[in-house]
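Below: the structure, in structure tokens.
The values are calculated or read from the model by the stated rules, or taken from the named source; none is laboratory data. Small disclaimer: the values here were computed from a predicted structure and weren't measured. Counting neighbours? That spans all protein chains shown, and the Cβs are built from the backbone with ideal geometry, glycine included. The accessibility values were calculated without ligands, DNA or RNA, using every heavy atom of the protein model including side chains. Shrake-Rupley method; radii C 1.70, N 1.55, O 1.52, S 1.80 Å.
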Amino acid sequence: MTTYFNGVVVRSSGERPAVAELRLPEIGPGQVRVRVRAAGVCHSDLSMINGTLRAPYPLVLGHEAAGEVIEAGDHVTRAAVGDHVVLNWQPPCRSCWFCARGEPWLCSTSSGIAALENGITLDGGPVHVALGLGAFATQVVAPENAVIRVPAELGFDRAALLGCGVLTGVGAVRNTAQVAAGESVVVIGLGGVGLSVVAAARAAGAADVIAVDVTEAKKGLAEAAGATDFVVSSDTLSKEIRVRTSGRGADHAIECVGRAATIRAAWRSTRRGGKVTVVGMGSNEDMVQLSALDIFSSARTLRSSVYGGADFDAEIPRLAADVLSGTLAVDHLISDRIGLADVPAAFDRMSRGEGARSVVLV
């Protein structure tokens, strides 16, 4: 039996996405059908529209989502009909070299897959789904290792954020940078991920959490997330940071934009021997230039944090428990609750740097 559903589709690079009727494939062994209930509008989706991330078209957008399992195929053991689940856009195989050494976020089977075909059709032709999910839709079909059960009392809107933005931001602090109590942290870029970094840094006991964005309008959001200070980005950013950190620079700078200019700004804002963590996903053509002497003499560490450096199956339930206990706040991250038809306007707000996260309630 053919299942029809609605999804937000972009047909070519730079084109405005729109809701379209699609045909969903039947589920097979090891797969589940999920009724999507909430999906966050993430910058990675915008990057697939504007060509920063090269993706095949037509493309069903969306990857940060939560929903309810409504059908399970043969041999499925991880989830049952009625379970509330977070969708994992990078499910690890658990058998490759990276997974075997405890680095599932670098899984060689799932890493780097911008979009997949999975049997969905539009006007009789194949459609790709963003990051293997295409979650700006009423339903998705996914492998069972792409769903992670969470408590029903968490709520779908908060659960959706755990699938990308919160996991990425919190993981960057806990797993990659390993921020310690009493340290100073600069966070550059205050979208949903950056604000999650701010909250996690404060939860880790950082003494100073300096939030940086290009607009003063983000100050209130930064303070709600736990920032101790706010700075509007400028050419003198590194000097501003040093003024606030006893002249040395911060112990950590966490970059959540994905641009060469902001990565260099993070580098210059960090003290000698400090750590720079790049969370933002940028363009392949945007080259970061650092002098060989500066790299040597500054003794700084520069590394990226891929999907929070987290084991998703363990980390997402842990984050859910933190949210339910009040240890981790996420409600302030949701600036707008919208429908599928409102997704293009949400991308417009994101492009202008407005708000935190728009969450699609399906």
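Some points to look at:
- Exposure of Thr52 as accessible area (Å², to 10), given a probe of 1.4 Å and all protein chains: 50
- Summarising the amide proton neighbourhood of Arg337: residues at separation of 5 or more, or on other chains, whose placed amide H is nearer than 5 Å comprise Val359.
- Loop-resident sites, the stretch 173-262, for trypsin sites (Lys or Arg not before Pro), counting at most 14 other Cβ within 10 Å (DSSP): Arg248
- Net charge over other residues, Cβ less than 11 angstrom from the Cβ of Arg271 (K, R count +1; D, E count -1): +4
- Heavy-atom accessible area with a 1.4 Å probe sorts Asp235, Asp294, Asp123, Asp213, largest first, into Asp235, Asp123, Asp294, Asp213.
- Excluding same-chain neighbours fewer than eight residues apart, the aspartates and glutamates reachable from Lys275 by a Cα-Cα span under 20 Å are Glu183, Asp208, Asp213, Asp229, Glu240, Asp251, Glu255, Asp294.
- The local environment of Val9, defined by Cβ-Cβ distances under 13 Å, has a net charge of -1 under the rule Lys, Arg +1 and Asp, Glu -1.
- When the chain is reduced to its Cα atoms, the Kirkwood hydrodynamic radius in Å: 20.6
- Computed over the chain: relative contact order in percent, which uses C-alpha pairs under 8 Å that are six or more apart: 18
- Heavy-atom accessible area with a 1.4 Å probe sorts Arg271, Arg149, Arg94, largest first, into Arg149, Arg94, Arg271.
- Relative contact order (%) - criterion: Cα under 8 Å, at least six apart; region: the stretch 1-148: 31
- The mean sequence distance of close C-alpha pairs (under 8 Å, at least 6 residues apart), as a share of the length of the stretch 38-101, puts its relative contact order at 27 percent.
- Positive-end residue, the stretch 124-260 charge dipole about Cα centroid, Cβ charges, pick of His252, Ala199, Val212: His252
- Rounded to whole Hz, the Karplus (6.51, -1.76, 1.60) HN-Hα couplings of the stretch 263-269, x for glycine and proline: 5, 5, 5, 4, 4, 6, 8
- Our coupling estimate for the stretch 333-342, obtained by passing each phi through the Karplus curve with A = 6.51, B = -1.76, C = 1.60 and θ = phi - 60°, is 6, 8, 8, 8, 10, 9, x, 4, 5, 8 Hz, Gly and Pro reported as x.
- Heavy-atom SASA rank of Ile27, Ile148 (probe 1.4 Å, accessible area, largest first): Ile27, Ile148
- Ligands, DNA and RNA aside, Arg37 has an accessible area near 80 Å² when probed at 1.4 Å.
- Tyr4 sits with roughly 120 Å² accessible to a 1.4 Å probe, with DNA, RNA and ligands left out of the calculation.
- Once backbone amide H atoms are built at 1.01 Å from N, Val186 has Ile210, His252, Ala253, Ile254 as its partners under 5 Å, excluding neighbours fewer than 5 places away on the same chain.
- With K and R counted +1 and D and E -1, the other residues having a Cβ less than 9 Å from that of Val362 yield a net charge of +2.
- Amide H within-cut-off set for Asn88, under 5 Å, with H built and near neighbours excluded: Val147, Ile148
- Taking the charge dipole of the stretch 19-63 about its Cα centre, with +1 at Lys and Arg Cβ atoms and -1 at Asp and Glu Cβ atoms, the residue from Ser44, Gly30, Ala20 reaching farthest to the positive side is Gly30.
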